[in-house]
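Have a look at the structure below, then the notes.
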Amino acid sequence: MTIYNFSAGPAVLPKPVLEKAQSEFLDYRGSGMSVMELSHRSSLFDDIIKKAEALLRELMGIPDNYKVLFLQGGASLQFSMVPLNLAQGKKALYANTGSWSKKAISAAKALENVEVEVIASSEADNFTYIPTITEDMIDQEAAYLHITTNNTIVGTAYQSIPKAGKVPIVADMSSNILANDYKVEDFGIIYAGAQKNIGPAGLTVVIIRDDLIGLCPVAEPMLDYKIQADNDSLYNTPPTFAIYIAKLVFEWLQEKGGVPGILKEDQEKAGLLYEAIANSALFKSPVREDSRSITNIPFVTGDAELDKKFNAEALAAGFQNLKGHRSVGGMRASLYNAFPKQGVRDLIAFMEAFEKENGGA
Ligand code: PMP
């Protein structure tokens, strides 16, 4: 049985990447050691981390005045590091577009010397759309405006990045980094947990404009962007194997035509599924049309029992991890870069067969 992994993260990785890692697993480039066994100060690992950074810079068009950091602690640690490094004694602005934004907001609120203002929210409508943010809503004295570019759980995404004047935009891009042709210059900081479009869990990528480094005193060295940047992400032992896999993913992406190439594929995959949902009398998208993500696509029948039946039958047919997040129910197809188009076609055929059997009720 073919298995398709629709997980929201950790998520499907490109098969050629896994095969390459397998072929190099026991003996990396004639060293007689696995990448996992290499010192993070060795020239072999130095080459891996430098290539990973160079490839990411090329893929995303990261300008020279931005640092790329390979950190740990997940995107969730950035919820705290961002306000700690940028907003002590200042005000920080947030858009509340889902569970992850809410967690980012709580982490900032937990800091006594940071004033948090939520300037836009779709919480009253179960986060089913992205609220409009206009420049006049932005206090130009604020340390930053934090947005979540793609909301993994509810399946919404910004269709354009808000204009914030001179206030830097900090983006949690965990679930659509490298799946959109964003301009890095539109952001002050971009951060993402790796376990969706980059590689295995355990690595967090932070892309930060130079002038935003070293703004506030941070007592804990591991949480200080300046210390991490001054040490080229090697202040302590970085997640070496995850960085190695990320490098392989970046190479794979380059072969796919970089971000424009993969974006075209992602749009096709999402287009097929949204079209199937639109043509169905049974399945619906809970998300407003102007706010839909091409990465995480939730759908429901409107009947919790029928959703449960669908999920059980889908699982038995090899469609793994389709169940919607526990906070919203229904189904969710996460179609990250490495997810194969055939998997979307097969899912649609399965949905059509299910709809026939269940009377389109
Ligand atoms: N932000 C978003 C948008 C996410 O989807 C996730 C994880 N699913 C997180 C933050 C949290 O990431 P981590 O588990 O790496 O802390």
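With R₀ fixed at 25 Å, the C-beta to C-beta distance from ALA349 to ILE3 puts the FRET efficiency at about 0.95. For region 250-298, the convex hull drawn through the C-alpha positions has a volume of 80 cubic angstrom per residue. The phi torsions of region 151-167, fed into the Karplus equation with coefficients 6.51, -1.76 and 1.60 and a -60° offset, translate into couplings of 9, 4, 7, 8, x, 10, 8, 5, 8, 8, 8, x, 8, 10, x, 8, 7 Hz, rounded to whole numbers, with Gly and Pro shown as x. Over the chain, the fraction of Cα-Cα pairs per 20 Å bin, rounded to whole percents and listed from the shortest bin up, is 29, 55, 15, 0. In sequence order, region 94-103 has phi-based couplings of 9, 9, 9, 10, x, 4, 6, 4, 4, 5 Hz under the Karplus curve 6.51 cos²θ - 1.76 cosθ + 1.60, θ = phi - 60°, and Gly or Pro positions carry x. Between the beta carbons of GLU135 and LYS50, assuming R0 = 41 Å, the FRET efficiency works out to 0.60 to the nearest 0.05. Percent of accessible area on region 1-135 owned by carbon and sulfur, 1.4 Å probe? Summing carbon and sulfur atoms, their accessible area is 52 percent of the total for region 1-135.
Quick one: grab the alpha carbon gyration tensor of region 134-219, order the square roots of its eigenvalues as a ≥ b ≥ c, and give me rounded if a/c is under 1.5, else prolate or oblate depending on whether a/b is larger than b/c. Because a/c hits 1.5 or more and a/b fails to exceed b/c, region 134-219 counts as oblate.
Considering only ILE190, THR204, SER175, and ranking their Cα positions along the charge dipole of region 174-232 that arises from unit charges at the beta-carbon of Lys, Arg, Asp and Glu, the one farthest toward the positive end is SER175.
Kirkwood radius for region 304-352, taken over all pairs of different Cα atoms as the inverse mean of 1/r, rounds to 11.3 Å.
When ranked by the protection proxy of mean other Cβ atoms within 10 Å per residue, highest first, what sequence do the peptides 87-96, 12-21, 303-312 form?
Highest to lowest by the protection proxy: 87-96, 12-21, 303-312.
Here the contact order of the chain, divided by its residue count and restricted to Cα pairs under 8 Å and six or more residues apart, works out to 23 percent. Annotation: extensible slack from ASN65 through GLU24 equals 11.3 nm (criterion: 0.36 nm per residue apart, minus Cα-Cα distance). Scalar couplings 3J(HN,Hα) for region 289-306, obtained by applying the Karplus form with A = 6.51, B = -1.76, C = 1.60 to θ = phi - 60°, are 4, 7, 10, 7, 7, 8, 9, 10, 10, x, 8, 9, 9, x, 10, 4, 5, 5 Hz; x denotes Gly and Pro.
Considering all C-alpha pairs of region 123-279, those separated by over 23 Å amount to 49%.
Restriction of the trypsin sites (Lys or Arg not before Pro) in region 170-220 to DSSP coil positions whose beta-carbon has at most 14 other beta-carbons within 10 angstrom yields LYS183. Accessible surface computed residue by residue for the chain, with neighbouring protein chains in place and a 1.4 Å probe, gives 43 Å² per residue.
Exposure check, 1.4 Å probe, all protein chains in place: TYR191 carries approximately 0 Å² of accessible surface. Does region 89-194 classify as rounded, prolate or oblate by the C-alpha gyration tensor (a ≥ b ≥ c root eigenvalues; a/c under 1.5 gives rounded; else a/b over b/c gives prolate, otherwise oblate)? Here region 89-194 falls in the rounded category.
Magnitude of the charge dipole for the chain, about its Cα centre and with charges confined to Cβ atoms of Lys, Arg (+1) and Asp, Glu (-1), is about 460 debye.
Which loop GluC sites (Glu not before Pro) in region 98-157, with loop taken from DSSP, have no more than 16 other Cβ atoms within 10 angstrom of their Cβ?
GLU112, GLU141
Dipole check for region 1-81: with +1 at the C-beta of Lys and Arg, -1 at the C-beta of Asp and Glu, and the Cα centre as origin, the magnitude is about 120 Debye.
In this rough spin-label picture, where each label sits 7 Å from Cα along the Cβ direction, the LEU234-GLU305 distance is 6.2 nm. On full extension, the segment bounded by ASP186 and LYS341 gains 52.7 nm, given 0.36 nm per residue less the C-alpha separation.
In the chain, the DSSP-assigned H stretches of four residues or longer account for a calculated mean residue ellipticity at 222 nm of -11500 deg cm²/dmol, using -39500 (n - 2.57) per stretch and the full residue count as denominator.
The values are calculated or read from the model by the stated rules, or taken from the named source; none is laboratory data. It should be emphasised that the depicted structure is a prediction, and the values quoted were computed from it without experimental measurement. FYI the Cβ positions are ideal-geometry reconstructions off the backbone, even for glycines, and counts take in every protein chain you see. All accessible areas refer to the heavy atoms of the entire protein, side chains included, with ligands and DNA or RNA removed. Shrake-Rupley method; radii C 1.70, N 1.55, O 1.52, S 1.80 Å.
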